[in-house]
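The values are calculated or read from the model by the stated rules, or taken from the named source; none is laboratory data. Small disclaimer: the values here were computed from a predicted structure and weren't measured. Counting neighbours? That spans all protein chains shown, and the Cβs are built from the backbone with ideal geometry, glycine included. Ligands, DNA and RNA are excluded from the accessible area calculation, which covers all protein heavy atoms including side chains. Shrake-Rupley method; radii C 1.70, N 1.55, O 1.52, S 1.80 Å.
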Amino acid sequence: MALHAGCPWCTTPVTRTDEGRWACPTHGRVTPLWRPQEAAYDALVAHLERAGSFPTYLPWPLGPGWWVSDFAVVGDGEAHATMACVSGSSALDGPVDVMVISEEPTGGLAARVIGLAEGESTDFRAAVVTEPAEVKVRVGSHAVGLWPYPVGDAHQEQDRTVLLGEAEGRWLWLVLRPASALLLLRDEWILRDVSSAGPQLVELPFGGPAGAW
């Protein structure tokens, strides 16, 4: 199987119940998170089939030396959240991960990826919403503002930068590791829903290992 089911809240494996639902030993009945063991073209095709009409965003186009290293979708028949990660390097930061998450406001995938404490929910009001936005990205024909989101302790602040905005009625998160990789962002970065990329998907470079989250 190209994708494997897991808990969206933790790394514990999930099992099928007698009723055909999914359950985590820690969190009880859950909507499964589907993630590949290794990023590859066939796995991305399976991911997009599970995501359906729910967007999966990637920075577009990928720069030289960058590759798709991870992706995930939360859903069981209908998707509620997606994540995609590209990895590469810069002269100042060394290895860099850029993770893009789109989720419904009631989702929990971003909380896990960001590294929030158990039971701590994401809240758009916690973002420092000021004018102008920290950075803007382009999603389709729209410019989307992104604001810093607090990530907790000093170690996390150095480990990652988290930005939050809203696109097409869903929360849009950008997680950059390390935190200093924020300098790579520039206004009008393009995020593309790769479900519409068609034959260009075949040309995407894939690799690993994916970062832990």
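Points worth noting:
- A search for C-beta distances below 8 Å between a residue of the range 187-213 that is within 17 Å of residue 49 (Cα to Cα) and open to solvent by 50 Å² or more (accessible area, probe 1.4 Å) and any residue that is modelled with pLDDT under 90 and in a loop (DSSP other than H, G, I, E, B), counting only pairs 6+ apart in sequence or on different chains, returns nothing.
- Selection count, the range 164-186, where residues are surrounded by fewer than 18 Cβ atoms within 10 Å (Cβ to Cβ), closer than 13 Å to residue 101 by Cα and not charged (D, E, K, R): 0
- For residue 120, the conditions (1) at pLDDT below 85; (2) more than 28 Å from residue 76 (Cα to Cα) all hold with the exception of (2).
- Residue within the range 99-107 that is more than 25 Å from residue 205 (Cβ to Cβ), at pLDDT below 90, outside any helix (DSSP H, G or I) and out of contact with any helix residue (DSSP H, G or I) (no Cβ under 9 Å at 6 or more places or on another chain) present: yes
- Search result, residues across the range 49-89 that are touching a Cys at 6+ places or on another chain (Cβ under 9 Å) and closer than 11 Å to residue 205 by Cβ: 68, 69
- Some residue of the range 13-31 being within 21 Å of residue 204 (Cβ to Cβ) and not β-branched (Val, Ile, Thr): no
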